Each structure stands twice: as C-alpha cells, then as structure tokens.
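The values are calculated or read from the model by the stated rules, or taken from the named source; none is laboratory data. These figures come from a predicted structure and were not determined experimentally. Every residue, glycine as well, gets a Cβ built from its backbone with ideal geometry; the counts of neighbours run over all protein chains shown.
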Amino acid sequence: MFPYHDGHLFMITPGDTHSFEIHTTTKFVDIKFNDIYIHSSVFGAENIQRLEFILQHANHQPGCILRNKVDKLLVKPMIEAIIREYINRNLYSKEIITQIINTIIIVVARNIAMFLPEQVDECSEDKSLDILQYIQANIYKTGKIRAKDISQHFGISENYLGRYIKKHTNETMQQYILNYKLKLVENRLLHSQMRICEIVEELGFTDESHLNKFFKKYRGCSPSNFRKNNLK
C-alpha cells in the first residue's frame, strides 16, 4: 500500500489489480491506452517500443512512477492541459492531446531508465543504463542483439555483459531476450488484432513455423490457441 499525493502518477499495467483508500476529496485523471489507439498511425512505432519498455519495468517501481521531482512539476501541467483540451474541444484538440500524451510517455520512460538498479563500475553510469534499453529497442532486429554486437556497441567485454545482465535481471542474456520476446508475442496476441504472419514479420521470426515452435516450446501451445484460450 502506498500513500498518494497531489501530482502522483501511477502506471497500472495489464493484469494488475489495484484499489485506492480515499480519505479526502480527490480528483483522479484516468488515461487508458486501448489497442486501437496504440496501433494507430498517430502513436508511432517508437512510442510502442517506449511503452513496452515501461510495461517491462513498471512493476519494479511501486508507488508514483515519477521519481524525478522536476518531472513531477513538468507532468502536472500536461495533465491539466489534457483536461482543458478534452473539455473545450477546440480546433486541433485531439492532435494536441495526442502530442501531450506521447510526451508524458517519454517522460515516464526517462524516469524508469534513470532509476534502474545501480550499475557496477566497469561502465560509466550513462552507458550501463542503456544496455537493457538497447536490447529492448533492438529486439526486432535479431542481428543487433547478439552478445558480440552488444559488447562492441558499448565497448565492453562479452563476459562483463553477461555478468551485468545476470546481476540485474537474475537471468542469462539469452534467457532475458527469450522471455522479453515471449512477452512481446503474448502482448500482441492478447492486446492487438495482429495476424500471426504480422507478428512473425515484426519480431524477426523466420516464418510462422518458427514462431509456432518457439512459442509452443515455452508456453505449451501454439500462438493461435494461446489467443483463443485467453480471450474467451
């Protein structure tokens, strides 16, 4: 349980359960991201990847997701602007709301990145903060997430890279990439209308057979059956 205050921003991910104990008059602003919005052209591929990064790490940061005091001051007037535009419905209000929401997503992603667990000394702080983000940003490009390529990109040894991933995720790099890709597949099966062939293309599988074997090995069923069984 976490006390809430004026200006707090909470991230409630799919599958989360939550409640608020309200002891005084409180106004909540609830912004929901539905599948239609996320997969519309206005949202953009970069924001989808940022949102996936946020969802991957949000459950590790209980309470207000904004840890940077300056960003709390930045986000509050953005929320107030969204409310005004929504109520007034002026010219270009929809476009303005979209731009503000996309900016909030970037601010949230920055706060999560800034407050990932402390890094070991071999890398500079900024460089090591980027390692997990790099993997997540390039998960769609299989050729860029091999240990050799990542270690060359950051100027570190492959041994250090493996130790770093293990230290901060309790998984080997291969396990981390595998589980992250599985989660991306699951998200698309449950929260989008994407066809299996589209998931194959986006996430870099060779073909549908490759995805089916990969998914069935770790989830015990085909992607189609997983979608069918969980959307009843």
*Any chance you could count how many residues in the stretch 54-82 are at pLDDT 90 or above and small (Gly, Ala, Ser)?*
1
*Residues of the stretch 176-190 satisfying the condition of being surrounded by fewer than 15 Cβ atoms within 10 Å (Cβ to Cβ) and out of contact with any Lys or Arg (no Cβ under 9 Å at 6 or more places or on another chain)*: ASN179, LYS183
*Restricting the search to the stretch 191-209, which residues are free of Cβ contacts under 8 Å to residues at least 24 places away in the same chain, in a helix (DSSP H, G or I) and surrounded by fewer than 16 Cβ atoms within 10 Å (Cβ to Cβ)?*
CYS197, GLU198, GLU201, SER209
